[in-house]
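> Shown below is the structure under consideration.
Here, each number is a calculation from the coordinates, and none is a lab measurement. Everything numeric in this text was worked out from a predicted model, so none of it was measured. Virtual Cβ from ideal backbone geometry, glycine too; neighbours counted across all protein chains shown.
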Amino acid sequence: MLEPFDFPGMFITHLGNGTSLGITQSLDDIGSLFRLVAGLDGKDRTVSLESDDKSGCFMYSGVDYKDVSSVKLNCDSKSSFDAEFKQAASFMLGNGITQYHPISFVAKGAKRNFLLAPLLSFKDESYTVYFNIQS
């Protein structure tokens with residue numbers, strides 16, 4: 001199951017072939033289970049996410065993330081996918097951009113949950129120095 005970083009306690013689910021992925025609160029939602037398989041493009045360190053309830057259906061985005069505003073589920077009736085789809089359905093594994101702070105926690109709201117973390121864990125320390133040089 002995949003949990004969005006900004007919606008703790010909720011899970012990404014598919015809504016059918018060719019549709020954008022959605023978010024659900026239920027652990028029992030059958031469309032929220034994905035299997036991590038070797039990348040369809042055959043490259044090292046890539047993985048693909050196959051729907052657990054729809055065999056042969058994969059999560060995909062645009063090739064190089066171009067012209068796609070969302071991630072979708074695609075099921076192909078053909079025996080093999082084309083090269084462009086294989087590339088669009090393959091993702092690189094790597095470390096995340098950020099990690100949860102050790103004292104972060106989930107606050108339960110009326111309609112959704114919120115991830116709370118110390119403000120100092122989000123500080124950005126890039127500065128630009130300006131010199132006032134006059135003759």
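> Taking each pair of different alpha-carbon atoms in the chain once, compute 1/r for the pair, average those values, and report the inverse of that mean as the Kirkwood hydrodynamic radius in Å to one decimal.
Across the chain, the inverse of the average 1/r is 17.7 Å.
> Same structure, new question: So what is the relative contact order of the chain, in percent, for Cα pairs below 8 Å that sit 6 or more residues apart?
Worked out over the chain, it gives 20 percent.
> Moving to a separate point now. In debye to the nearest 20, how big a dipole does the chain give about its Cα centre with +1 on each Lys and Arg Cβ and -1 on each Asp and Glu Cβ?
240 debye
> For the chain, what number of Lys pairs, 8 or more residues apart or on separate chains, have alpha-carbon atoms under 28 Å from each other?
Going through the chain pair by pair, I get 15.
> If the chain between Ile103 and Tyr127 were fully stretched, how many nm would it gain, using 0.36 nm times the residue separation less the Cα-Cα distance?
This chain segment gains 5.9 nm when fully extended.
> Here's another thing I want to ask about it. Full extension from Arg35 to Ala117: what is 0.36 nm times the residue separation minus their Cα-Cα distance, to one decimal in nm?
26.5 nm
> Could you work out the helix-only [θ] at 222 nm for the chain, with each DSSP H run of four or more residues adding -39,500 (n - 2.57) and the total divided by the number of residues, to the nearest 500 deg cm²/dmol?
Helix-only estimate at 222 nm: -1000 deg cm²/dmol.
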